[in-house]
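Input: a single structure, listed below in structure tokens.
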Amino acid sequence: MTRSPRLAAVLLMALALVAGACGADDPAIDTGAGQDATTDTTALEPPEFEAGTTMAEIQSEGKLVVGTKFDQPGFGLRNPTTGEVEGFDVEIAELMAQGIFGGTQEEAAEKIEFVEAVSKNREPFIQDGRVDIVVATYTINDARKEVVDFAGPYFVAEQDIMVKSDNEDITSAEDMNGETVCTAKGSTSEKNLRAAAPDAEVVLFDTYSQCAEALTDGRVTAVTTDNTILAGLVQASNGEFKLVKAPFSDEPYGIGLEKGDDAFRSFLNDRLEEIMENGEWEEAFAGTLGAIGLDTPEPPDIDRYGEGGDTATTTTAA
Ligand code: GLU
């Protein structure tokens, strides 16, 4: 090589800029395995699906409609500059889309219409056919399984508490008794809060970003929901808030889909297993939640409850 180290550095920077600006749709640009490289360059063959399946319909329409959060840093946050939603849930949705349409993740992403979902409208969005799937920090539980189905889990969070940084009074879930505590309508966080601190004065909003504003204003003393959502809000607060780190529930996140669509659920579970095995899940996590300081965990085992006539509710070990 005759290039000077300085020139090489400039070229590398230029390449990084091009990759950053244009994504990775140019196969000549290898984004490598860097932690921020969440877009894979591998192009998949478009699969052939059995006629009449949801996958075949979505593929022929050329569009996947996904409900996700627009105000949750790390999971689904609308970038005010680009208008694009970004985060781990968005990456998971894109990787599912890639499994349906083939091509690269970036190409598949262009075929997704993201619709803003809040906690309380996720089941209705699925039931009304407003969206094909919901990927929105959506806990799998039996009550929800009465009306929708879930692929996954693809991540397991824990409910925790966020307070102002100088608050030394709340160090456990019980300490929320007698305090004004904010969470979102229609969330498991609300149910868990009422069970863990029955004497808390519960303040409900549609979103956790509204709860964070109420914490800033002093309208509430604490905000409770999944630790991962709170981690994003803490990071965005520039030292104003802190995480109490007293987790009091498990929140396995699933991809919500229409109840009874077993072929679609099996497909999504297969695709989740594929990305968990080939490193794309890890890459997506590191590039999104990793950037807000979370260590990449082992992916959870998929729960194929009731699939193929099997009534077991737990999955086989990985
Ligand atoms: N994961 C919990 C739920 O699904 C809380 C987070 C949220 O509301 O999105 O209800």
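Bear in mind that the values in this text are calculations on the coordinates, not laboratory data. The shown structure was predicted, so the numbers you read here are calculated from the model rather than taken from an experiment. All Cβ positions, even for glycine, are placed from backbone atoms using ideal geometry, and neighbour counts span all protein chains on display.
Please compare each pair in LYS191/LYS259; LYS145/LYS185; LYS145/LYS242; LYS111/LYS242; LYS69/LYS191 to a cut-off of 27 Å on the Cα-Cα distance and tell me which ones are over it. It would help to have the intermediate numbers written out before the result.
Working: LYS191/LYS259 23 Å; LYS145/LYS185 18 Å; LYS145/LYS242 33 Å; LYS111/LYS242 38 Å; LYS69/LYS191 20 Å.
Over 27 Å Cα-Cα: LYS145/LYS242; LYS111/LYS242.
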Using alpha-carbon positions, what is the distance between the centroids of the stretch 171-226 and the stretch 57-120, in Å?
29 Å
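Roughly what % antiparallel, to the nearest 5, for the DSSP beta bridges in the stretch 52-124? Kindly include the intermediate steps, with their values, before the conclusion.
Values: 4 of 9 bridges.
Just about 45 percent of them are antiparallel.
Give me the net charge of PHE70's neighbourhood, meaning all other residues with Cβ under 11 Å from the Cβ of PHE70; Lys, Arg count +1, Asp, Glu -1. Intermediate values should be presented prior to the final figure.
On the way: positive: LYS69, ARG78; negative: ASP71, GLU84, GLU86, ASP89, GLU116.
The answer is -3.
Which ordering of LEU193, LEU289 is given by a fewest-first count of other beta-carbon atoms within 10 Å? Please report the intermediate quantities before stating the final value.
Details: LEU193 26, LEU289 23.
Ranking LEU193, LEU289 by Cβ neighbours within 10 Å, fewest first, gives LEU289, LEU193.
So for GLU123, GLU158, GLU168, fewest C-beta neighbours within 10 Å to most, what's the order?
Working: GLU123 19, GLU158 14, GLU168 7.
Ordered by Cβ neighbours within 10 Å, fewest first: GLU168, GLU158, GLU123.
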Mind listing the phi-derived Karplus ³J(HN,Hα) values for the stretch 153-163, rounded to whole Hz, using 6.51, -1.76 and 1.60 with θ = phi - 60°, and x for any glycine or proline?
x, 10, 5, 10, 9, 9, 6, 9, 10, 10, 9
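If each residue's Cβ is checked for other Cβ atoms within 10 Å, how do ASP149, ASP71, ASP142 rank with the fewest at the top?
Working: ASP149 23, ASP71 20, ASP142 8.
Taking fewest neighbouring Cβ atoms as first place, the list is ASP142, ASP71, ASP149.
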J(HN,Hα) series, the stretch 167-181, from Karplus relation 6.51 cos²θ - 1.76 cosθ + 1.60, nearest Hz, glycine and proline x
7, 10, 7, 9, 10, 8, 4, 4, 5, 7, 4, x, 9, 8, 10
